[in-house]
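> Sharing a structure here in structure tokens format.
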Amino acid sequence: MQPANLPPRAGLGLKPQHYAEILATRPPIGFFEVHAENYMGDGGPPHRYLADIVAQYPLSLHGVGLSIGGAGPLDRDHLRRLRALIERYRPQSFSEHLAWSSHEESRLNDLLPLPYTPATLDNVVAHVDQVQQTLGCRMLLENPSTYVLFAESSIDEVDFLAAIAERSGCGLLLDVNNVMVSAVNHRLDPFAYVDRFPLHQVGEIHLAGYDETTDAAGDRLLIDAHASRVSPDVFALYTHTLARTGPLPTLVEWDNDVPAFAVLAEEAGIVDAALEAAARRHQPRERVA
Amino acid sequence: MIAPLVAQAAFAAALVDPALPVPPGIVSHRGDSDAKRFAVYRNNVHAGLVGVLAAKYPVCERLVGADFFTAMARLYVTDHKPRSPIMQHYGADFAAFIEGFDPARAVPYLADMARLEKAWSIAYNAADMVPMSIIALATIDQAAVPELRLASHPAAGLIRSAFPMGSIWSAHQAEGVVVRPGAEAVLISRPAMEVIVTVIPQADALFLHHLFEGAALGVAATAATGLSDAFDVGRALVGLCNLGAFAQPIQAIGSAHAA
């Protein structure tokens, strides 16, 4: 089992429209992250550019299609494709989501929520075990952003994630934007969520921008959109997290309406400044009451 | 408790069919069933797949405008769910859908543009392979050349259209491209790192079409000569090899792969 060893720096999602600029200018980005499913073609420019990027930067491989929270069995063909990618590019980290996206033959192309019960916990732990055995590495599992709750849920989400990590030995990916989105949507305290989170298991943090709307009762509803700068409240929750954890690899996710690379690099610079501040100020017991 | 598989089946069914109610047991923090919250997932699925189509068919989107394209793509998405988590495979039959979509008739070449852009996407992701060079042909016993069958390169795709598809596509890539009415044949290929889109002579295209269909070189050349007296098989082969049309190795007639 290799440990997650991305550098505790700001990372960016790698977008095809930025390949050439990155290779020409070699910007000081801590790591790049790619969606595994975008590199499952046979060949061509995506693989060629990724190989060149990987020669110069650490890589985080982030899956969006494994459906680890699916009630049915994992797709063995998809696991084989992931294994081949990991063997080819040797990423410093592999992560996936606490969500499902496939039902039988249908691929729903979204990260869908699951109820938190003893039965679903057993199922997810078994899936994470299978993933780690097949891929031959420790994975990180990401907390979801959700818009609905399940009446049958009997386990708190933080406890659910902590139990998966404890039982499977996987690490966790803490998406701070997802924490904010879910906390606002379900009227929970996002700071309390982070404070209860098993932060010692966190191998990577995600940040992103959200959109905002209202639900049928007119209550505030946040949408995990990845289409804008990180919101100030999410950034405040991030610095609160860093004060507890110290510097951690942190990805800025911007997947829709992707701006010029300079804008992404600017966001990474803001995150790097927060990471440097956290490194200077971090005293592990400072905030413990 | 509802069995998890049954519960996810109900969730999935309600996602793809907006006429269905929110499945039981899915609630807001207030404890009520909130259709607007569930609709976020419906919208994510549909908007995500529309986005996949817009990324794969960017010139089609520009030809009809974003609003028209989104409305058309939403109808396609409603009846076509991905069968693979690899989204580069999604929307492979979008051109056929466009052909049957009446409101798109005002842009009669839209389906052919979708075919061209699909071929571009296939070329972009195709396996890496050095294309067959004309030098390889020169090493063959010349008496056997008419019987040769050539395999298409994994990145190569041929679009023969009644419309000037190559020029229209090029006009959306760079300024100053003049589009003249008339039929064009287009070879989409990747002889090196980047995908290229090349308008080729009609006789060369007919020649290539027959070769890609598995015909022997002599048969394909005869068909092309029938279309144009000016067709020169040697010149066509040099040009097509340089564009990366063929895979190695050459397959002689009678081989296991002959069609």
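> Within region A:107-132, track down each residue that is among the small types (Gly, Ala, Ser) and more than 8 Å from chain B (Cβ to nearest Cβ).
Of the residues in region A:107-132, the ones among the small types (Gly, Ala, Ser) are A:119, A:126.
If the condition is that a residue be among the small types (Gly, Ala, Ser) and more than 8 Å from chain B (Cβ to nearest Cβ), then A:Ala126 is the only one that fits.
> Only one of these is closer than 19 Å to A:Ser101 by Cα, at the interface with another protein chain (Cβ under 7 Å from one of its Cβ atoms) and among the charged types (D, E, K, R): B:Arg30, B:Arg37. Name it.
Values: B:Arg30 fails: closer than 19 Å to A:Ser101 by Cα.
Sole residue among the options that is closer than 19 Å to A:Ser101 by Cα, at the interface with another protein chain (Cβ under 7 Å from one of its Cβ atoms) and among the charged types (D, E, K, R): B:Arg37.
> Could you identify the single residue in B:Ile98, B:Ile86 that is buried (at least 18 other Cβ atoms within 10 Å of the Cβ), more than 11 Å from chain A (Cβ to nearest Cβ) and of a type outside the set (Asp, Glu)? Full working, then the answer.
Details: B:Ile86 fails: more than 11 Å from chain A (Cβ to nearest Cβ).
Of B:Ile98, B:Ile86, the one residue that is buried (at least 18 other Cβ atoms within 10 Å of the Cβ), more than 11 Å from chain A (Cβ to nearest Cβ) and of a type outside the set (Asp, Glu) is B:Ile98.
> Now a separate question. Tell me whether region A:184-194 contains one or more residues that are buried (at least 17 other Cβ atoms within 10 Å of the Cβ) and polar (S, T, N, Q).
Taking every residue of region A:184-194 in turn, at least one turns out to be buried (at least 17 other Cβ atoms within 10 Å of the Cβ) and polar (S, T, N, Q).
> Here's a follow-up. Could you please find all residues in region A:102-136 being closer than 25 Å to A:Phe32 by Cβ and modelled with pLDDT of 95 or more?
Just the residues of region A:102-136 that are closer than 25 Å to A:Phe32 by Cβ, to begin with: A:109-111, A:128, A:131-132, A:134-136.
The answer is A:Leu111, A:Val128, A:Val131, A:Gln132, A:Thr134, A:Leu135, A:Gly136.
Yes/no per residue for (1) charged (D, E, K, R); (2) within 15 Å of the chain's Cα centre (by Cα):
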| residue | (1), (2) |
| --- | --- |
| A:Leu149 | no, no |
| A:Ala183 | no, no |
| A:Leu188 | no, no |
| A:Leu199 | no, yes |
| A:Ile223 | no, no |
| A:Tyr238 | no, yes |
| A:Leu248 | no, yes |
| A:Glu253 | yes, yes |
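> While we're here: Among the residues of region A:177-198, are any in contact with a Gly (Cβ under 9 Å, 6 or more places away or on another chain), modelled with pLDDT of 95 or more and aliphatic (A, V, I, L, M)? First the steps, then the outcome.
Going through region A:177-198, the residues in contact with a Gly (Cβ under 9 Å, 6 or more places away or on another chain) turn out to be A:177.
Of the ones still in play, those that are also modelled with pLDDT of 95 or more are A:177.
From what is left, the residues that are aliphatic (A, V, I, L, M) are none.
There is no residue in region A:177-198 that is in contact with a Gly (Cβ under 9 Å, 6 or more places away or on another chain), modelled with pLDDT of 95 or more and aliphatic (A, V, I, L, M).
Here's the yes/no breakdown for (1) farther than 30 Å from A:Gly136 by Cβ; (2) touching a strand residue (DSSP E or B) at 6+ places or on another chain (Cβ under 7 Å); (3) in contact (Cβ under 8 Å) with a residue 24 or more places away in the chain:
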{"site": "A:Ser168", "(1), (2), (3)": "no, no, yes"}
{"site": "A:Gly171", "(1), (2), (3)": "no, yes, yes"}
{"site": "A:Val176", "(1), (2), (3)": "no, yes, yes"}
{"site": "A:His186", "(1), (2), (3)": "yes, yes, yes"}
{"site": "A:Asp195", "(1), (2), (3)": "yes, no, yes"}
{"site": "A:Val202", "(1), (2), (3)": "no, yes, yes"}
{"site": "A:His206", "(1), (2), (3)": "no, yes, yes"}
{"site": "A:Tyr210", "(1), (2), (3)": "yes, yes, yes"}
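> Could we say that B:Pro108 is within 14 Å of another protein chain (Cβ to nearest Cβ) and over 17 Å from B:Leu53 (Cα atoms) here?
On the way: within 14 Å of another protein chain (Cβ to nearest Cβ): no; over 17 Å from B:Leu53 (Cα atoms): yes.
The answer is no for B:Pro108.
> Can you name every one of the helices (runs of 4 or more DSSP H) wholly within region B:52-141 that holds 2 or more residues which are outside the structural domain of B:Pro191 (by TED's automatic domain parsing)? Steps first, please.
Numbers: elements: B:58-64, B:66-79, B:94-99, B:110-125, B:134-138.
Helices (runs of 4 or more DSSP H) meeting the threshold: B:58-64, B:66-79, B:94-99, B:110-125.
> Only residues that are of a type in the set (S, T, N, Q) and out of contact with any Pro (no Cβ under 8 Å at 6 or more places or on another chain): list them for region B:92-138, please.
Here is the first cut: in region B:92-138, the ones of a type in the set (S, T, N, Q) are B:121, B:125, B:133.
Answer for region B:92-138, where residues must be of a type in the set (S, T, N, Q) and out of contact with any Pro (no Cβ under 8 Å at 6 or more places or on another chain): B:Ser121, B:Ser133.
> Take the residues of region B:1-22 that are within 10 Å of chain A (Cβ to nearest Cβ), at pLDDT below 95 and assigned to a loop (DSSP other than H, G, I, E, B): which is surrounded by the most Cβ atoms within 10 Å (Cβ to Cβ)?
It comes out as B:Ile2.
> I've got another one for you. Go through the residues of region A:163-179 one by one and say whether even a single one is among the acidic types (Asp, Glu), in contact with a Pro (Cβ under 7 Å, 6 or more places away or on another chain), under 18 Å from A:Ala10 (Cα atoms) and crowded, with 20+ Cβ neighbours inside 10 Å. Don't jump to the end; show me each part of the working.
Residues of region A:163-179 among the acidic types (Asp, Glu): A:166, A:175.
Keeping just the survivors that are in contact with a Pro (Cβ under 7 Å, 6 or more places away or on another chain) gives none.
Within region A:163-179, none of the residues are among the acidic types (Asp, Glu), in contact with a Pro (Cβ under 7 Å, 6 or more places away or on another chain), under 18 Å from A:Ala10 (Cα atoms) and crowded, with 20+ Cβ neighbours inside 10 Å.
> Mind listing whichever residues of region B:53-96 are within 30 Å of A:Asp75 (Cβ to Cβ) and free of Cβ contacts under 8 Å to residues at least 12 places away in the same chain?
Listed by number, the residues that qualify are B:Ala55, B:Asp79, B:Arg83, B:Ser84, B:Pro85, B:Ile86, B:His89.
> Condition test on A:Gly43, is it at pLDDT 95 or above and crowded, with 22+ Cβ neighbours inside 10 Å? Spell out how you get there, then give the answer.
Details: at pLDDT 95 or above: yes; crowded, with 22+ Cβ neighbours inside 10 Å: no.
The answer is no for A:Gly43.
> Give the residue that is nearest to A:Tyr210 (Cα to Cα), with candidates limited to residues of region B:40-59 that are among the β-branched types (Val, Ile, Thr) and more than 9 Å from chain A (Cβ to nearest Cβ). So that I can check it myself, show each step before the final result.
Step one: list which residues in region B:40-59 are among the β-branched types (Val, Ile, Thr), which gives B:40, B:45, B:50, B:52, B:59.
Filter once more, so that each one left must be more than 9 Å from chain A (Cβ to nearest Cβ): B:50, B:59.
Numbers: B:Val50: 20, B:Val59: 29 Å.
Looking at residues that are among the β-branched types (Val, Ile, Thr) and more than 9 Å from chain A (Cβ to nearest Cβ), I get B:Val50.
> Any residue that is in a helix (DSSP H, G or I) and either away from chain B (no Cβ under 14 Å) or within 21 Å of A:Phe197 (Cα to Cα) (or both) - is there at least one of those in region A:213-231?
Step one: of region A:213-231, the residues in a helix (DSSP H, G or I) are none.
Taking every residue of region A:213-231 in turn, none turns out to be in a helix (DSSP H, G or I) and either away from chain B (no Cβ under 14 Å) or within 21 Å of A:Phe197 (Cα to Cα) (or both).
> Can you tell me which residue among B:Leu49, B:Leu53, B:Leu75 is surrounded by fewer than 17 Cβ atoms within 10 Å (Cβ to Cβ) and either within 30 Å of A:Arg80 (Cβ to Cβ) or not charged (D, E, K, R) (or both)? Please lay out each step first, then the result.
Numbers: B:Leu49 fails: surrounded by fewer than 17 Cβ atoms within 10 Å (Cβ to Cβ); B:Leu53 fails: surrounded by fewer than 17 Cβ atoms within 10 Å (Cβ to Cβ).
So the residue among B:Leu49, B:Leu53, B:Leu75 that is surrounded by fewer than 17 Cβ atoms within 10 Å (Cβ to Cβ) and either within 30 Å of A:Arg80 (Cβ to Cβ) or not charged (D, E, K, R) (or both) is B:Leu75.
The values are calculated or read from the model by the stated rules, or taken from the named source; none is laboratory data. Since we're looking at a predicted model, the values are computed, not measured. Note that each Cβ is placed from the backbone with ideal geometry, even for glycine, and that neighbours are counted across all protein chains shown.
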